[in-house]
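Accompanying notes for the structure given below.
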Amino acid sequence: MVFVKTHDISELNSENIGKEVVLGGWIEDLRKLGKMTFITLRDVSGISQIIVKGELNENLEELNRQSVISVKGIVQETKARDFNFEIKAEEIDVLAKAIHPLPVDPIGRVESNIDTRLNHRALDMRNQKTAAIFKLRHHVLASLRKTLSEKKFIEITTPKIIGSASEGGANLFSLEYFGKTAYLAQSPQLYKEQMTIGLERVFEISNFYRAEKSHTGRHLSEFTSVDIEAAFMDYNDVMDVLEYLIMEVYNFTSKNCKKEQEAIGHEIKIPSTPFERITYTQVINELKSSGEKIEFGDDLLDSHLRIIGNNHPGFYFLIDWPMKLKPFYIREKDDDATLSRSFDLQYGYLELSSGGTRLHNPNILKSRLKEQGLDPVQFTDHLQTFDWGMPPHSGWGMGLDRLMTTLIGIDNVREVVLYPRDPERLKP
Ligand code: AMO
């Protein structure tokens, strides 16, 4: 017999007392006391106590924790401290048995290291802390989509299999594509810019791929990027959008995800606004006064960002980078052509996002490609769209996985990604 679930556990209330319900879930705990068995049943929404008496106990022999059952029974009041109600079982259906011992303990009584948990991720999802992280991620995505839609951004999905590099650079995965070489997209950069021609404001939330041999808590070979591109906006405007979006995520999750914060053991704190906007030139001066040997035009190393991050904890924009440090599509400033209309959004030392105002003049774009050692022929499809009336536009890309780490106060993106991919990890 297979019963149809009548309630999620969290839906039970005092009105159900004395009534018959059918619950389904997995056994978190199972204790035999004489002729009675106490089961702690968990489903995605919560836990309940099931009391099993008499013959029904035979059903439970050789049943291990984490096995899946459905229970038909009567809701009654309970003396147990941890529960509001309990269910007196009338029928129990064993739907799937779990082996013993399991490779990780989902209750967390026995701690497992992150690699062991990732090797058994589906089972790790029965750990309430892990499940809470992914429930929170769901709410973050929902908040981002809601806010961007309200701001009249249209969601697009660009191809992930592409014929030439979108950003330039060497960190591309290549693959054989019907006798040709194709690549996995590093970002939606060129497509999202092109879409401003007809849709003006677009966004995409998708996975992108970087063949970076980095072994840090913030780099993955496959990461989720939140990208926007907006016609008739300047880099200051898209920084405002980014700040607003992040504040909405923090406000929404802080207010509506109390259970998740409790399970994770971290209280979401609302950042103060406005986020500071610090110029690259200011940062160089700060580093020089900390005794660092650095000159205008040098890229900021991790060690530099650690110093700046200490000086500016929390969110801040790092703006007006030298042109030579920025990709070919970034536009220069009018009053100083060595500086760009660009920014990174930082959280302490951690880079969360980068973006800027784009070049929209095709001739300048072509010469910039050449200056950066890229071949304009490789960008023919992209460049032709600039002859069709390309509006001025700006945008940014933000690492969702990194944003999640700031929200829950951890420093390893692998905790917030279902099945992370890095140079060592390709399975499961
Ligand atoms: P950028 O290369 O700076 O910019 O990437 C944007 C953001 O994406 C995240 N990110 C990563 N997260 C995890 N693992 C990685 N390997 C990884 N690489 C990048 C970071 C980073 O800040 N096209 C531009 C954006 C734009 O101008 O619109 C771009 O891709 O959080």
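Which residues, counting only those in region 175-198, are among the polar types (S, T, N, Q) and either surrounded by 19 or more Cβ atoms within 10 Å (Cβ to Cβ) or modelled with pLDDT of 95 or more (or both)? Answer for region 175-198, where residues must be among the polar types (S, T, N, Q) and either surrounded by 19 or more Cβ atoms within 10 Å (Cβ to Cβ) or modelled with pLDDT of 95 or more (or both): Q186, S187, Q189, Q194, T196.
Contact map, region 204-232: residues that are more than 24 Å from D302 (Cα to Cα) and of a type in the set (S, T, Y) paired with residues that are within 8 Å of the ligand (Cβ to nearest atom) and in a loop (DSSP other than H, G, I, E, B), Cβ distance under 8 Å, separation 6+ or inter-chain. Pairs shown: S206/P188.
When region 25-54 is limited to residues that are over 31 Å from the mean Cα position of the chain (by Cα) and small (G, A, S), the one that is modelled with the lowest pLDDT turns out to be G34. Got at least one residue in region 147-158 being in a loop (DSSP other than H, G, I, E, B), hydroxyl-bearing (S, T, Y) and under 18 Å from G25 (Cα atoms)? The answer is no; no qualifying residue exists. Of all the listed residues (G356, G395, G389, G373), the sole one being small (G, A, S), under 29 Å from L199 (Cβ atoms) and more than 26 Å from the chain's Cα centre (by Cα) is G389. Here region 308-339 is the region considered, the condition is being small (G, A, S) and in contact with a strand residue (DSSP E or B) (Cβ under 9 Å, 6 or more places away or on another chain), and the residue that is surrounded by the most Cβ atoms within 10 Å (Cβ to Cβ) is G309. In region 200-248, of all residues being farther than 26 Å from P392 by Cβ and aliphatic (A, V, I, L, M), the one that is nearest to the ligand (Cβ to nearest atom) corresponds to L220. (1) more than 16 Å from the ligand (Cβ to nearest atom); (2) in contact (Cβ under 8 Å) with a residue 24 or more places away in the chain; (3) hydroxyl-bearing (S, T, Y); (4) not in a loop (DSSP other than H, G, I, E, B): which one isn't true of T273, the others all being true? With (1) more than 16 Å from the ligand (Cβ to nearest atom); (2) in contact (Cβ under 8 Å) with a residue 24 or more places away in the chain; (3) hydroxyl-bearing (S, T, Y); (4) not in a loop (DSSP other than H, G, I, E, B) applied to T273, the lone miss is (4).
Looking only at region 405-420, which residues are within 11 Å of the ligand (Cβ to nearest atom) and within 14 Å of L220 (Cβ to Cβ)?
T405, V413, R414, V416, V417, P420
Cβ-Cβ distance below 6 Å, separation of 6 or more or different chains: which pairs start in region 117-141 with a residue that is under 15 Å from D43 (Cα atoms) and end on one that is hydroxyl-bearing (S, T, Y) and at pLDDT 95 or above? Listed by first residue and then by second, the contacts come to D124/T130.
Among the conditions (1) in contact (Cβ under 8 Å) with a residue 40 or more places away in the chain; (2) within 15 Å of the ligand (Cβ to nearest atom), the only one that Q378 does not satisfy is (2). Set side by side, the residues L56, L102, L118, L41 differ, and just one is of a type outside the set (S, T, Y), under 30 Å from R414 (Cα atoms) and part of a helix (DSSP H, G or I), which is L118. The sole residue among R81, R65, R42, R31 that is under 19 Å from P106 (Cα atoms) and loosely packed, with under 14 Cβ neighbours inside 10 Å is R31. Among the residues examined, E286 does not qualify as in contact (Cβ under 8 Å) with a residue 60 or more places away in the chain and assigned to a helix (DSSP H, G or I). Among the residues of this structure, A89 counts as one that is of a type outside the set (K, R), buried (at least 16 other Cβ atoms within 10 Å of the Cβ), at pLDDT 95 or above and in a strand (DSSP E or B).
With region 314-428 as the region, which strands (runs of 3 or more DSSP E) entirely inside it contain at least 2 residues that are of a type in the set (G, A, S)?
350-357, 393-399
The values are calculated or read from the model by the stated rules, or taken from the named source; none is laboratory data. What you see is a predicted model, and the numbers here were worked out from it, not measured in a lab. A quick note on method: Cβ atoms are made from the backbone with ideal geometry, for glycine too, and the neighbour counts reach across all protein chains shown.
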